[in-house]
Amino acid sequence: MRRAGRALLNLLYPPLCLGCDRPARGGAPLCHRCLNRLERTGPGAAWEQIARRPEAQAVLDDAFCGWRFDKGGTLQNVQHAIKYRNRPRYGIRMGRILGDALTERPACRRVLHRAGLIVPVPLHQTRYLERGYNQSTMLGRGLGQVIGAEVESEALLRERATRSQTSLSHEERWRNVRGAFATSDAAQPVGRRVVLVDDLLTTGATAGAAAQALREAEAASVVLVTLALAR
């Protein structure tokens, strides 16, 4: 009944696109027009960003991002809705859209379809309790539906709270997150090809620290996938 009621509400009052405020079909966060206007990343763009951070390059095998982050634009609206405005379903939907976009690229498709485990970058417990969900887990669930990989949201733990990375320099970002992650007893990634999922790749410091914990737990490989790539 709840599902039927939600479907009726969507029919009578369709959700509005976060880019243009027009109705978006099927409860998607963006209409097709706004989605197609987003700037996709070029081949190798995400890895070029990782290569600037030697600590991350040493523990990651590859990296893929869907779109360029547009500060103050449509993609930031989507990210903020998923992250701060209690829209976890948008995260799952964008995870599926991200998976579809990435698997259109042959090299990316080959890597992702060999993955055995999707691991979201975790929030600290305090932040998780404030938000009620982890946006990276939502993205990972949507991505998993596309590539057919298991999602293990408790494989990694953020053992200590870290400062927001927004105003920190590259070196400060690395010091801030170094040693912040550890693998849990819930799911060990030994010998498995892992896809590490986050919403945004900026300097690669957070991804590198999370991937290091997975490598220390003997993951066979770690590939980073994010919704967006910061300029």
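Points worth noting:
- Note on the chain: helix-only mean residue ellipticity at 222 nm, from DSSP H runs of 4+ residues weighted -39500 (n - 2.57) and normalised by residue number, equals -12500 deg cm²/dmol.
- Protection proxy ranking of 76-83, 222-229, 175-182 - average other beta-carbon atoms within 10 Å, highest first: 222-229, 76-83, 175-182
- Lacking any other cysteine beta-carbon closer than 4.7 Å, the following Cys residues of the chain have no compatible partner: 20, 34, 65, 108.
- Among beta bridges that DSSP assigns inside the chain, antiparallel share in %, nearest 5: 25
- Each Cα pair under 8 Å and six or more residues apart adds its sequence gap; the mean of these over the residue count of the chain is a relative contact order of 23 percent.
- For peptides 109-115, 39-45, sequence by mean Cβ density within 10 Å, most packed first: 109-115, 39-45
- Full-extension gain in nm, residue 58 to residue 32, via 0.36 nm per residue minus C-alpha separation: 5.6 nm
Every number here is computed from the coordinates shown, using simple stated rules; none is lab data. For clarity, every value in this text was computed on a predicted model and none was experimentally measured. Cβ: placed from backbone, ideal geometry, glycine included. Neighbour counts: every protein chain shown.
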